[in-house]
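First comes the structure, then the notes that go with it.
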């Protein structure tokens, strides 16, 4: 389907057979408009009126075929009446000019509204008829829904009709408009508030509102930027490319550079509509706090927090700054793309950003026709999401397939930065520790993690939660953690959160939703895909390389059990960790050595000393055993002096365990050596560390322990009294 394009001046028209229609709203034969604002504030309106009469046919270049190009759709911006003068940046990459342009955009957005419950009360308290009319609309929708819930309760069909009522609630929220769409989308990330059926249905809420007239959109652009439309763009699509609850998007071409851009314009009257709704909802919150005992949370505080987030979406300059920060943190990866912002053409209600040619990530057939693989893009999304959550803590808070694009070059483009969130630093490490406790099936520690994650207040007793976690995870983890379906995990945890007094922070719920969405996209391409398996390389790399004390303790907890080192787990961590492209052997070895030689690491040194003695013995005696097994039979008889058990007096179990340990250690060393960035010179700093006092003391203890162990073995050989050493490896060790 071809789309006509509005051309704003005849000097920039480019012929294209795809677009046989175009509207020229500049004067025929006129020179390009100057980029500075005229002294007469009304002269551009007169020119616009004259230009409208000069409509003529022409052709313009713009590829907006469905599935071939999608605008970088960002969230809505706030009212601004400060039409500060715009200066065009000649070189967009110039950092100084860019910062100056951003400052000018901030000035234009200086009058953008922020949420204030007091101001809303003053504004709508004097408009009773408007308030009553909207109250009546809301009561009809939500009142009928509440009455049906009561009927279900009385008829004993409450659980049976959950899915049906969830669908009805989604329909009601859509009909009530932008505020309730946003509320429904927010509830879809709160497993502590909504049952699973409601979570699934509300997660499908779309910003499905009709577009508003072009005349209003174009007038908004001119008013906000203080320039005639034809002095900014050489062409613009005659109707929106995309529309959402807070605004709509056009594709345009900048006049000064010829670059294609996405222009998002805020929906007229959206601030007033949202403000009225939050005024009413806040009033309901007071009633709930006063009369509904079953809800322990402060509903008014929750409404205020959510309203502040929605109001932030109504400031496009803030959204542009969100995109810039996101780009700085995550677009360093070669397979991640974040669009640039054009600050000179951005204000509180207008956002101009780089156009991204791409396909929505849920359009699998279109992506594959371009020679791309959905799974590769999903893996990129998973790794980026993990970095957002656990590395920098600044992440995209509106994850759905429409906000992720596959570019023709195979990059994953992130768009729509109106809602962002942050993970507290303590929580980032607590989440990784939580995964370690899950792997170890340490359900008491998992329950205690919810304090650190701020899921539970310190006065809540977690002991009743432990059996529930045990029942769920013992059933879910019947094979390995990496084979666990992520949606199964989220649904199970959601049921636990719903039954007990959890308060799930927004950051945690949103990242669970993000990974669930990515897994759902991947499952369409590969039914066997597991998001946890794809996440493991990142977790393994962080555990092995991050010097943070919390993660160092988590690694020790994972590798040691009952004073014994679990080599299977170290090997699996290395195998998984090296799959991460940022994995570094140097980053693995040095932090471990520093931790080992820390003045407070005596307990760890004791464990390591014992394990070093055991490993050295396994390497020496295992080499003897394997050498013995490789020689001809007649030579074995000479070496063993006719002893059927061989040259060493060992039980079969101990012999096999020793050989396996030796092989594991050699495999681990081989993994380190074969890492992409392995360099023998990286051992030099480690050798320097080993020359420190604690290291020399540790070395002496290891050598002494080895001497004692070998002496004991020698006496066993002389006295011929076999001693069995328990070296069994539990099944749990491989459950990662």
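None of 257, 296 is farther than 13 Å from residue 417 by Cα and either in contact with a strand residue (DSSP E or B) (Cβ under 9 Å, 6 or more places away or on another chain) or modelled with pLDDT of 90 or more (or both) except 257.
Just one residue in the set 317, 261 is surrounded by 22 or more Cβ atoms within 10 Å (Cβ to Cβ) and not in a helix (DSSP H, G or I); that residue is 261.
When the stretch 315-325 is filtered for residues that are under 22 Å from residue 389 (Cβ atoms) and out of contact with any strand residue (DSSP E or B) (no Cβ under 7 Å at 6 or more places or on another chain), the ones remaining, listed by number, are 318, 321. In the stretch 331-353, the count of residues that are in a helix (DSSP H, G or I) and surrounded by fewer than 15 Cβ atoms within 10 Å (Cβ to Cβ) is zero. Annotation for the stretch 481-497: no member residue is touching a strand residue (DSSP E or B) at 6+ places or on another chain (Cβ under 6 Å), modelled with pLDDT under 80 and surrounded by fewer than 16 Cβ atoms within 10 Å (Cβ to Cβ). Residues in the stretch 609-625 that are out of contact with any helix residue (DSSP H, G or I) (no Cβ under 6 Å at 6 or more places or on another chain) and either modelled with pLDDT under 70 or under 19 Å from residue 568 (Cβ atoms) (or both): 610, 611, 614. Any chance the stretch 383-401 includes a residue that's touching a helix residue (DSSP H, G or I) at 6+ places or on another chain (Cβ under 9 Å), surrounded by fewer than 17 Cβ atoms within 10 Å (Cβ to Cβ) and assigned to a loop (DSSP other than H, G, I, E, B)? No, every residue in the stretch 383-401 fails to be touching a helix residue (DSSP H, G or I) at 6+ places or on another chain (Cβ under 9 Å), surrounded by fewer than 17 Cβ atoms within 10 Å (Cβ to Cβ) and assigned to a loop (DSSP other than H, G, I, E, B). The helices (runs of 4 or more DSSP H) found wholly in the stretch 193-249 and carrying at least 3 residues that are in contact with a strand residue (DSSP E or B) (Cβ under 8 Å, 6 or more places away or on another chain) occupy 214-225.
If the condition is being loosely packed, with under 12 Cβ neighbours inside 10 Å, assigned to a loop (DSSP other than H, G, I, E, B) and within 35 Å of the chain's Cα centre (by Cα), then the stretch 115-142 contributes no residue at all. Look at the stretch 515-532 and say how many of its residues are surrounded by fewer than 17 Cβ atoms within 10 Å (Cβ to Cβ) and at pLDDT 80 or above. Qualifying residue count for the region: 3. Residue under question is residue 365, and the condition is that it be assigned to a loop (DSSP other than H, G, I, E, B) and surrounded by fewer than 24 Cβ atoms within 10 Å (Cβ to Cβ); does it hold? Considered against the rule, which asks whether it is assigned to a loop (DSSP other than H, G, I, E, B) and surrounded by fewer than 24 Cβ atoms within 10 Å (Cβ to Cβ), residue 365 comes out as no. Of the residues examined, residue 153 is not one that is surrounded by fewer than 14 Cβ atoms within 10 Å (Cβ to Cβ) and assigned to a loop (DSSP other than H, G, I, E, B). Of all residues in the stretch 651-679, those satisfying the criterion of being at pLDDT below 65 and surrounded by 12 or more Cβ atoms within 10 Å (Cβ to Cβ) are 677, 678.
If I filter the stretch 278-289 for residues that are touching a residue at least 24 places away in the same chain (Cβ under 8 Å) and within 28 Å of residue 224 (Cα to Cα), do I get at least one hit? Yes. Taken together, the residues in the stretch 541-578 that are closer than 21 Å to residue 657 by Cβ and part of a loop (DSSP other than H, G, I, E, B) amount to 3. Looking at the stretch 264-283, which of the residues that are touching a helix residue (DSSP H, G or I) at 6+ places or on another chain (Cβ under 8 Å) and in a loop (DSSP other than H, G, I, E, B) is surrounded by the most Cβ atoms within 10 Å (Cβ to Cβ)? If we take residues in the stretch 264-283 being touching a helix residue (DSSP H, G or I) at 6+ places or on another chain (Cβ under 8 Å) and in a loop (DSSP other than H, G, I, E, B), then 267 is surrounded by the most Cβ atoms within 10 Å (Cβ to Cβ).
In this structure, does residue 304 turn out to be in contact with a helix residue (DSSP H, G or I) (Cβ under 8 Å, 6 or more places away or on another chain) and either in contact (Cβ under 8 Å) with a residue 12 or more places away in the chain or not in a loop (DSSP other than H, G, I, E, B) (or both)? The answer is yes for residue 304.
Check whether at least one residue in the stretch 180-202 is more than 26 Å from the chain's Cα centre (by Cα) and surrounded by 24 or more Cβ atoms within 10 Å (Cβ to Cβ), and report yes or no. No, the stretch 180-202 has no match at all.
The values are calculated or read from the model by the stated rules, or taken from the named source; none is laboratory data. These figures come from a predicted structure and were not determined experimentally. Here Cβ is always computed from backbone atoms with ideal geometry, including for glycine, and neighbour counts include all displayed protein chains.
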